[in-house]
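Everything below concerns the one structure shown next.
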Ligand SMILES: [Zn+2]
């Protein structure tokens, strides 16, 4: 079964829905993380959320959702780019044990100090231009609650999110009330009861049904009386943007002293990607070459003047 992100439009209600069903991409992410079920469930929900939210990206680049927790889960990150390439990672505080059924608050908001960060990062940013970043406190009892609150305050759009995940499946449904700006004919047909009716339908969706039903069937089962138009079917996939070159620039930023110190303890420097687990290995000669080039260019500079 191919992973799918489907956009539906409910014309007279002026509502747009995004449905996502992730199987292959989510299992590709989840197998890099040997974490308790409660943590995987939260991460899967975050991944599904990144896919439905990125459906309306108006630029080439990435949407990144981060939960910075104050409990055993210090950080959960899900990233979706405009080609629907997905990746995610989690950092858990060392030495903590997490109950299989731990709640959202127990994982990331024990003292109410957890935050949720939404980053929109265009690929071709101008030099010096920072990515857009929105920060909100973690409210509610789930990833969906926190993101609904964010959408309400920042986008001023009524949003209903239903997110569910287990070890092999991550599913999302987002309903969004769109501004009505379609001229008189659309306004004449506008159905003000559409939004509450669609939200009521979304609220009937149980986790088991959400995770076990194919996207086609789920869309039909939920919305058959509403007769929505299918605007698009797209296919999310697992994709990590790490590369040896990016690790090299990271090492250069780290500085020669730090890199030399690390090398004094080990014959090679090993850097593992937090997202996909790929291991990048640099021996002494590789590392020193990085700084040799750097020094070289520095030395050449004075001759330019
Ligand atoms: Zn990677």
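The values are calculated or read from the model by the stated rules, or taken from the named source; none is laboratory data. What you see is a predicted model; the values in this text were computed from it and never measured. Please note: Cβ atoms are built from the backbone with ideal geometry, for glycine as well, and neighbour counts cover all protein chains shown.
Is it true that residue 120 is modelled with pLDDT of 95 or more and either buried (at least 22 other Cβ atoms within 10 Å of the Cβ) or touching a strand residue (DSSP E or B) at 6+ places or on another chain (Cβ under 6 Å) (or both)?
No, not satisfied.
Given the conditions (1) more than 30 Å from residue 218 (Cβ to Cβ); (2) exposed (fewer than 11 other Cβ atoms within 10 Å of the Cβ); (3) over 26 Å from the mean Cα position of the chain (by Cα), and given that residue 279 satisfies all but one, which numbered condition is not satisfied?
Result: residue 279 fails condition (3) only.
Of the residues 51, 17, which is assigned by TED's automatic domain parsing to the domain that holds residue 174, outside any helix (DSSP H, G or I) and buried (at least 18 other Cβ atoms within 10 Å of the Cβ)?
Result: 17 is the single residue among 51, 17 that is assigned by TED's automatic domain parsing to the domain that holds residue 174, outside any helix (DSSP H, G or I) and buried (at least 18 other Cβ atoms within 10 Å of the Cβ).
Tally the residues that are surrounded by 12 or more Cβ atoms within 10 Å (Cβ to Cβ) and more than 33 Å from the chain's Cα centre (by Cα), restricting the search to segment 235-276.
So the count comes out to 3.
Taking the criterion of being surrounded by 24 or more Cβ atoms within 10 Å (Cβ to Cβ), closer than 18 Å to residue 147 by Cα and away from the ligand (no atom under 16 Å from the Cβ), would at least one residue in segment 97-106 satisfy it?
yes
Determine whether segment 286-299 contains at least one residue that is more than 14 Å from the ligand (Cβ to nearest atom), within 33 Å of the chain's Cα centre (by Cα), at pLDDT 90 or above and surrounded by 10 or more Cβ atoms within 10 Å (Cβ to Cβ).
no
Quick one: in segment 261-277, of everything that is in contact with a strand residue (DSSP E or B) (Cβ under 9 Å, 6 or more places away or on another chain) and either more than 16 Å from residue 86 (Cβ to Cβ) or assigned by TED's automatic domain parsing to the domain that holds residue 91 (or both), which residue is nearest to the ligand (Cβ to nearest atom)?
Result: 272.
Might you check whether a residue that is without any contact (Cβ under 8 Å) to a residue 24 or more places away in the chain and either outside any strand (DSSP E or B) or closer than 22 Å to residue 141 by Cβ (or both) occurs anywhere in segment 87-94?
Scanning segment 87-94 turns up at least one residue that is without any contact (Cβ under 8 Å) to a residue 24 or more places away in the chain and either outside any strand (DSSP E or B) or closer than 22 Å to residue 141 by Cβ (or both).
If we scan segment 136-149, do we find a residue that is over 28 Å from residue 100 (Cα atoms) and assigned by TED's automatic domain parsing to the domain that holds residue 82?
Looking through segment 136-149, none of the residues is over 28 Å from residue 100 (Cα atoms) and assigned by TED's automatic domain parsing to the domain that holds residue 82.
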